[in-house]
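The values are calculated or read from the model by the stated rules, or taken from the named source; none is laboratory data. Since this is a predicted model, take the numbers as computed values, not measurements. Please note: Cβ atoms are built from the backbone with ideal geometry, for glycine as well, and neighbour counts cover all protein chains shown.
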Amino acid sequence: MHMGEHTRIRLSFVSPPTVSLSSLAAAVVAVTAAAHPPVLSKRVVHEARTFAPAGWSLHRRADPDAVVPLKISLTQSNLHRLDEYLLEVSDPESTSYGKHWTPERVAEIFRPSRESVDTVHNWLTNDCGIHPKKIRLGPNGGALHLDVTIAEAESILESEYYVYRHSEDGEERVAFENAYTLPEYVAKHVDLVTPSLHLPRSGASLARRAGKSSPVFARPSGAPKAAITDAEVPTDADHCDTYVTLECLRKLYNFYYEPVVPQKNTIGVVEVSNEVYQGQDLDLFFDKYSKSSVGDRPELVSITGGHLNPNETNTSFLGESTMDFELVMGLLGPKQNVSLYQIGAAGDTWDEALVAAFDKSYCSQSGVRSGLDCGNKPTSNVISISYHFEPDYPDPSNARILERVCAEYGKLSLTGMTFVVSSGDHGVAYGSQECFVNGTLVTQPDKGGFVGQFPASCPYVTAVGATQLAKNHTIADGEGATSDFPSGGGFSRIFPRPSYQKRAVTRYLNNYVPKSYDADVFNNTGRAYPDVSANGYPTVVALGGKFTRSGGTSAAAPIFASMIAAVNDARISAGKGPVGFINPALYSNLFRSSFNDITEGSNPGCGTDGFPASPGWDPVTGLGTPNFVHILDRFLLLP
């Protein structure tokens, strides 16, 4: 049965000899109406998919008698006003700047309306013939749940379920092939339905699969790595072109700050699955660069069973988490407690697992799987994320999930949180050089359209690109965009450009974009990123009992996050609140001279030179690298 066709039901009637023609006609009408609910509105495609993610293939039709837990997530109220609400508390010119919302107010304002609940419930009972006792309203009123057979679900959604199988691990999931429909009057009250079209790009688990040398989730990790001897490792800032030390970072960005009220301030770093740090590596690093921090460890906050493995010896599992904490804890010193948000094997939903852990309403309103922590984990004023999971591409089924998570970043930002995210290490391509060719993601084509990455492309996070000193250059010479790997940056194909960056980005588009780049190459109306940048190579870290040069935008993000944590400390000590969503301020006139402008370099990919760096904002290094003292002064001017 193709999508849009109705199942044909053969009916048999045995009429008593005395039945009248009118009675028979009435009986036929009644039975037919029961088999085919009345059409109250035309059907519209609610979600569609042009292709299944890599690794998934259609295996067989789903068993029509199998029971599926259908979840119909409802549209949130007032979501169209999220930008307005955020600007009220984050625009330096707003009289409500810094007046962040309570989580309770956020939940109340965005809770789906009673009209949405009633409309979808009545449709299920009256038009679809579902008994009311089978329908459950989830906690916080975010979704309707019903256990139905595959055949019933197919009738409700007018599509066909298939079993898809993953080529790497044999995992099987049920999903529609290309689309499903809803009545037009119902569709505006429904965000998404699960299971429907959504298949993870990476199979069953975020955990590394046995025998695989690389994680199935994505960490930028495009920067080259090289072991160095102890004798080579400097502690000063005299060789920052070849060895980036903590002192290099302090001098580059004028970042000399000792926390004043660390017990009142919070910063957290996100790690995923098997990526863990080793305490002995932290101490090796601290003994060289921050002796007072020896013995210090981040505070573990386990999400979906995330845990540390103190016996891990595989350096491919150790490098990223270790680098994060050596940088954050080394730059902020021993007084500031740092949280480790260790996300366990959350399958294809690590980013959803994170936001759900902070906001229990997300579990109710979204289509995430069961078993996630929901609103029971402590938040931090600043969250540093150096992972990404999905490409930013406009396939509707992909876009709808990313829009859900992005909106949650915005809602959490309303409460005063700042999300700092790495921009990626593959230039204008995604992952291992995935680019658009004829509307499809293709790995390493000769030439293709640019592909962004999420969550850096979300307008409610601060995306950080990477810079470095050219060979034989000193700090006085200034930095350029990274040349040992291309720093990620570009334009979202999903999220529109937010108002706070239109002026800066329009200037770039009008003056610096290569004229050969047309609409197929990139979306010139999309959210542009990165927002800022910081040094990303060659970062000195201790790893596996020895020192190594590493880096990436996964180093740049925690460096910048540390500075915002220091800003929060100063504001809290002055009787003010944390800065929360910082992008509108960073792009404002107030902060115009707060960055070191980066004008050299580019971020090649997809068979092109990518975008060139330029005076002012550019999609390679953003607004530039921070001058911490200037940024601190301006944030202290704000209420």
Select from the stretch 88-99 the residues that are of a type in the set (S, T, N, Q) and over 22 Å from the mean Cα position of the chain (by Cα) and list them in ascending order.
-> Ser94, Thr95, Ser96
Per-region count, the stretch 475-514, residues at positive phi and more than 25 Å from the chain's Cα centre (by Cα) = 1
Which members of the stretch 398-444 meet the condition of being of a type in the set (Asp, Glu), outside any loop (DSSP other than H, G, I, E, B) and touching a strand residue (DSSP E or B) at 6+ places or on another chain (Cβ under 9 Å)?
-> Glu403, Glu434
Which residues, counting only those in the stretch 253-281, are in contact with a Gly (Cβ under 9 Å, 6 or more places away or on another chain), buried (at least 19 other Cβ atoms within 10 Å of the Cβ) and not in a loop (DSSP other than H, G, I, E, B)?
-> Pro262, Glu271, Val272, Asp281
Name every residue in the stretch 463-490 that is outside any loop (DSSP other than H, G, I, E, B), touching a residue at least 12 places away in the same chain (Cβ under 8 Å) and surrounded by fewer than 24 Cβ atoms within 10 Å (Cβ to Cβ), in order of residue number.
-> Ile475, Gly480
Return only the number of the condition from (1) touching a strand residue (DSSP E or B) at 6+ places or on another chain (Cβ under 7 Å); (2) within 27 Å of Ile228 (Cα to Cα); (3) small (Gly, Ala, Ser) that Gly268 does not satisfy.
-> (2)
Where a residue in the stretch 76-91 is free of Cβ contacts under 8 Å to residues at least 24 places away in the same chain and outside the structural domain of Tyr460 (by TED's automatic domain parsing) and its partner, wherever it lies, is outside any helix (DSSP H, G or I) and surrounded by fewer than 20 Cβ atoms within 10 Å (Cβ to Cβ), with Cβ under 6 Å and at least six apart | Glu88/Ser94; Glu88/Ser96
When only residues in the stretch 194-230 that are at pLDDT 80 or above and aliphatic (A, V, I, L, M) count, which is farthest from Asp169 (Cα to Cα)?
-> Ile228
Those residues of the stretch 408-441 which are more than 27 Å from Gly552 (Cα to Cα) and either at pLDDT below 90 or within 12 Å of the chain's Cα centre (by Cα) (or both) amount to Asn438, Gly439, Thr440
Return yes or no: is Val428 assigned by TED's automatic domain parsing to the domain that holds Val355, surrounded by 15 or more Cβ atoms within 10 Å (Cβ to Cβ) and more than 29 Å from Ile383 (Cβ to Cβ)?
-> no
For the stretch 80-106, which residues satisfy the criterion of being under 30 Å from Leu124 (Cβ atoms) and either touching a Lys or Arg at 6+ places or on another chain (Cβ under 9 Å) or buried (at least 20 other Cβ atoms within 10 Å of the Cβ) (or both)?
-> Leu82, Val106
Is it true that Tyr85 is under 28 Å from the mean Cα position of the chain (by Cα) and not in a helix (DSSP H, G or I)?
-> no
